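What follows draws every value from the coordinates through simple rules; no lab data is involved. Being a predicted model, the structure only gives us computed values, none of them experimental. Methodologically, a virtual Cβ is constructed for each residue, glycine included, from the backbone with ideal geometry; neighbour enumeration extends over all protein chains shown.
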Amino acid sequence: RDQIRQYQEKLQRINQTEPVWAPVLRAIGSTIPEGCWLEELQQKHAPAGCLELKGCAIKLARVSEFLENLEQSGLFSKVRLVDSGTKRMVINSRGDNSKQVVSFVLLAELASERKEARP
C-alpha cells in the first residue's frame, strides 16, 4: 500500500507539472499543410511546454504556412523557425529518383493557459 501511495503521489506531481499534450498533438495534425510532414517531435524541458518539430516540405512556402497555422491556433505563445535547409529525398526503392526538399526545425512554446489546462 505504501508503494502504491508513493506511485500515486508521483503521478499526481507529473500531472500538475506537465502539460496535457493530446489536444495539442491533434491541433498540430490538423494545421500541417499538404506537402509538409513531420519526421520528429520532441518535448523540450526548457522552457517547459516547448515542442521541437522537425520535418520537411516540398517548398519553403509550406513551412511558412505551417508556422502561421500554429501561431493562429492559439495553442502556442511563440512559434519560431530555428533551422532550415535542403536535403535529397529518395522517391522510390531503387534510389534512381530523388527530389530536393526543404528541411526545417520549429520551436513551439505552449501558451500559458494550455500549460495549466488539466483534464
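Regarding the range 23-62, what are the three Cα extents along the principal axes, ordered largest first, in Å?
Result, largest extent first: 30, 19, 15 Å.
DSSP loop trypsin sites (Lys or Arg not before Pro) in the range 21-111 with at most 14 other Cβ atoms within 10 Å of their Cβ, which ones?
Lys59, Arg94
Out of the chymotrypsin sites (Phe, Trp or Tyr not before Pro) in the range 1-85, which ones are loop residues according to DSSP with at most 15 other C-beta atoms within 10 Å?
Of the chymotrypsin sites (Phe, Trp or Tyr not before Pro), the ones in loops of the range 1-85 whose Cβ has at most 15 other Cβ atoms within 10 Å are Trp21.
List the pair-distance distribution P(r) of the range 52-111, using every Cα-Cα distance, as the percent of pairs falling in each 5 Å bin from 0 up to the bin containing the longest distance, rounded to whole percents.
Bin by bin from 0 Å, the calculated values are 4, 18, 25, 19, 13, 9, 6, 4, 1.
Can you return the lysines within cross-link range of Lys78? Criterion is Cα-Cα under 24 Å, with same-chain partners fewer than 8 residues away left out.
Answer for Lys78, where 24 Å is the Cα cut-off: Lys44, Lys54, Lys59, Lys115, listed by chain and number.
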